[in-house]
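Just so it is clear, none of the values below were taken in a lab; they were calculated from the coordinates. Here the structure is a predicted model, which means the values were calculated and not measured. Counting neighbours? That spans all protein chains shown, and the Cβs are built from the backbone with ideal geometry, glycine included.
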Amino acid sequence: MISISHKAKQFLVLLIKLLIVGGAFYFIYSQLSNNDKLDWEKFIILFKKNQSVVGIGFILLLSVLNRFFEILKWQNLVSYLHKISLSDATKQVLGALTAGLFTPNGVGEYAGKALFFEKSKAKKIIFLNLICNGIQMILSVVFGIFGLLYFNANYNVISTNTVAILFGLFFLLFLVTFGLKKITIKGYSIEKIVHKINEIPKTIHQKNIFLAVCRYLVFSHQYYFLFLAFDVDLPYLTLMATIASVYFLASSLPTFQFLDFAVKGSVAVYFFGILGVNEWIVIFISTLMWFLNVVLPVIIGSYYVMNFKMLSPTISKGEGGETQ
């Protein structure tokens, strides 16, 4: 086995930190500077027309609440292993977000959070993160389906027969999945995963669902209020149904965090185009949502990445300071 000296290991860790932070900022800059659909002159004119300190503060507050509920979700789930402080939960969530910025569907986020704990807990941390992200995905699907049904009922994008076929396929997929629950792949099966989920106390699951609903309502309404700020005058239910549809369909597509606004933006352009909303407004709002809810947290997360210290293998201590 090749032995790496302490200084070489420190240099390697520093290099990885610089690559993560440098890569994150490069991707953010390239996406903002190379997007030819962003008409900054129109944005500045509209911003000057509708600028309001209270309005800007409110939109920023929603961004803070969005990540705050995610941090509370993580703190709540990790309490199954041991309690961690709000400060530790913040460090883990924002640091992992930065690490997962340029990985497919934020896969790097799973490894990022696991690094804050001992190697023996890595699988459990990855599993908890799967639950943390999974409940948010389930809510996007549930609200998204209702949103699509409402949107389609009003604008008849697809026929009733097509809707019936899609629901039939979903039902068939559910039955097949349920029927194959005992089939094991690499030591894992649906039945085993469900059993692992049930091992976590119900109170933790209930709190996780409540916080996930709060987070969903926060970022979906942030989208809604941004449309109002850009003088888009549409009924509340129509706007919210369209937003739910966009998040559902965009979340279903494999993508990178740094391309998140581009994916959501392209889906949003189609749906809001049906409503007669100007394309540049949709692109700008999607970009602002990405900037407020991904870029700003990543900037803060970069600080935690640069100050990250590997846990010593000889020390078996949790983030909350409790000896395991």
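What does the highest-first list of 224-234, 62-72 look like by mean Cβ count within 10 Å? Could the numbers behind the result be given before it?
Details: 224-234: 16.0, 62-72: 19.8.
The densest-packed peptide leads the list: 62-72, 224-234.
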- Based on the mean of other Cβ atoms within 10 Å per residue, sort peptides 143-153, 198-208 so the most packed one is first. 143-153, 198-208
- Query: Taking R0 as 30 Å, what's the FRET efficiency between Y270 and F171 from their Cβ-Cβ distance, rounded to 0.05?
  - Reply: 0.70
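C214 to Y80: FRET efficiency via 1/(1 + (r/R0)^6), r the Cβ-Cβ distance, R0 22 Å, to the nearest 0.05?
Working: r = 20 Å, r/R0 = 0.91.
Using R0 = 22 Å, I get an efficiency of 0.65.
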